[in-house]
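Just below is one structure, and these are the notes that go with it.
The values are calculated or read from the model by the stated rules, or taken from the named source; none is laboratory data. Quick caveat, the model's predicted, so the values are computed rather than measured. Here the Cβ positions follow ideal geometry from the backbone for every residue, glycine too, while neighbour counts run over all protein chains shown.
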Amino acid sequence: MPLTLTPNESAQRALHLMAARLEPIIARTLAPHLGGLEWTAFLDVMDDVKGKPSYPYNRMDPQPQLRILTERLGNLGYPFGAGRSRMVSALGSQLRIARNMVAHNAEIEPLDAWRVADAASLLLGELGDAEGAQELAAWRDQILRLDAPADDEPDHESGEDLHDGEGGAQEAAKEVTAPDAEVFRIQTNEPSPTVGAGLRHERQPYDPWIPGAAGEKSVLDGVRSQHNKDLLRSVLEEIVEHEGPIHIDRLATLAGRSFGFGRLETKRKDLLKRHVRKCPGLQVRGEWVWGDSVDPDQWTEFRPNDSTSERKFVEIAPQELRNASAFLRTLHPKDDQATHERRVLQTFGRRNKSKAIREHLARALD
């Protein structure tokens, strides 16, 4: 590592170098959809649709840049991940966590700084910026002169993973149940005046977090250390920022995957859930976790998904089901209860009700 810089400063410099290269890539890619406005206008619309407060975004800040790369941009989908969305999203997720740690002045180790520069180099390469990738690779090699750490194989501990039980991959092979187009309409399906013809002002579908490589498995075995505690906190906050409200079990599973665990044994999952409940940047309401930028009592949105979604129906927050129900009631006030429930189920990719689905829906709509 350069002798005059701390690991935190080295990581911060890597993010700064990356941001300088990312901004023109983002601006160039989104310019045809913006009608002359800055690309941060996309985030303004997305926040409004999600029920989040407005925020003055800086185009040179890695945080909004990485959001643009990892989140679904409405009807445009994932314009930066054509043919490679998982790689861009995984690297972007890893860098979002790193940026969170730097922003909180968390304890960063030399290997962490190396990982930041390495991920930034790989991301620029994925986006076609060979010169920028080489620049970040050169900075990476100054931080640590060693080979890239080998990724561990996923650890198949006994326990439940994302695709166990109802929903997810098991339904992907069947006929897809998709939400009705009407649930995506907010007020109008015309282009939003704030972003020209690029992004329609419509409800956004559920957008799953794609775990990146946040650190070694040993982090979860040593969460008493300040470094590991800070890293875990950043992972949890970024997952919730992207996917919240999120069921605490799913949050723990995604966090485990960020550290290389394919499955989590009950003891480890319980440990992660205890850390979730202690995290100052999160709100825990029952079994669901919210970010601190959203007031759960004032949130009126919902995120439709089809039957290929990895989110189980029973993992959908009751508030989200109630919001969808209220919206559908305004569209179809004459529906009987059975028809209404069928519409709610379809909004979230379901046709039939298992006992667990029936009970979860009943509790939410009671």
Just give me the residues in region 202-250 being closer than 20 Å to Ala98 by Cβ and among the hydroxyl-bearing types (Ser, Thr, Tyr), in sequence order. Ser218, Ser225, Ser234
How many of the residues making up region 207-245 are more than 14 Å from Ser258 (Cα to Cα) and part of a loop (DSSP other than H, G, I, E, B)? 7
Residues to consider are Thr330, Thr253, Thr339; find the one that is assigned to a helix (DSSP H, G or I) and either closer than 25 Å to Leu231 by Cα or in contact with a strand residue (DSSP E or B) (Cβ under 6 Å, 6 or more places away or on another chain) (or both). Thr253
Residues located in region 342-366, provided they are assigned to a helix (DSSP H, G or I) and more than 25 Å from Ile186 (Cβ to Cβ): Lys355, Ala356, Ile357, Arg358, Glu359, His360, Ala362, Arg363
Within region 310-345, the residues that are in contact (Cβ under 8 Å) with a residue 12 or more places away in the chain, over 23 Å from the mean Cα position of the chain (by Cα) and within 19 Å of Val176 (Cα to Cα) are Glu341, Arg343, Val344, Leu345
Pick from region 283-303 the residues that are among the charged types (D, E, K, R) and either out of contact with any Phe, Trp or Tyr (no Cβ under 9 Å at 6 or more places or on another chain) or modelled with pLDDT under 95 (or both): which of them is surrounded by the fewest Cβ atoms within 10 Å (Cβ to Cβ)? Asp297
Given (1) out of contact with any Lys or Arg (no Cβ under 6 Å at 6 or more places or on another chain); (2) closer than 29 Å to Ser325 by Cα, Asp270 misses just (2)
Reported set for region 254-282 where residues are closer than 21 Å to Gln319 by Cβ and buried (at least 17 other Cβ atoms within 10 Å of the Cβ) is Leu254, Lys273, Val276, Cys279, Leu282
The number of residues in region 42-68 that are aromatic (Phe, Trp, Tyr) and surrounded by fewer than 15 Cβ atoms within 10 Å (Cβ to Cβ) is 1
Out of the residues in region 90-129 meeting the condition of being part of a helix (DSSP H, G or I) and of a type in the set (Val, Ile, Thr), tell me which one is surrounded by the fewest Cβ atoms within 10 Å (Cβ to Cβ). Val102
Return the pair list, or none, for Cβ contacts closer than 8 Å from residues in region 24-37 that are closer than 16 Å to Leu69 by Cβ and at pLDDT below 90 to residues that are surrounded by 14 or more Cβ atoms within 10 Å (Cβ to Cβ) and not hydrophobic (A, V, I, L, M, F, W, C), at least 6 apart or on different chains. His33/Gly196; His33/Gly198
Can you tell me how many residues in region 50-89 are assigned to a loop (DSSP other than H, G, I, E, B) and among the hydrophobic types (A, V, I, L, M, F, W, C)? 4
Would you mind stating whether Leu5 is touching a Ser or Thr at 6+ places or on another chain (Cβ under 9 Å), over 23 Å from Tyr206 (Cβ atoms), of a type in the set (A, V, I, L, M) and outside any helix (DSSP H, G or I)? no
Residue under evaluation Pro208, criteria (1) under 30 Å from Gly349 (Cα atoms); (2) crowded, with 20+ Cβ neighbours inside 10 Å, criterion not met: (2)
Note down all Cβ pairs under 6 Å where the first residue falls in region 213-241 and is among the acidic types (Asp, Glu), the second is at pLDDT below 90 and surrounded by fewer than 17 Cβ atoms within 10 Å (Cβ to Cβ), and they're at least six residues apart or on different chains. Asp230/Glu107; Glu237/Gly281
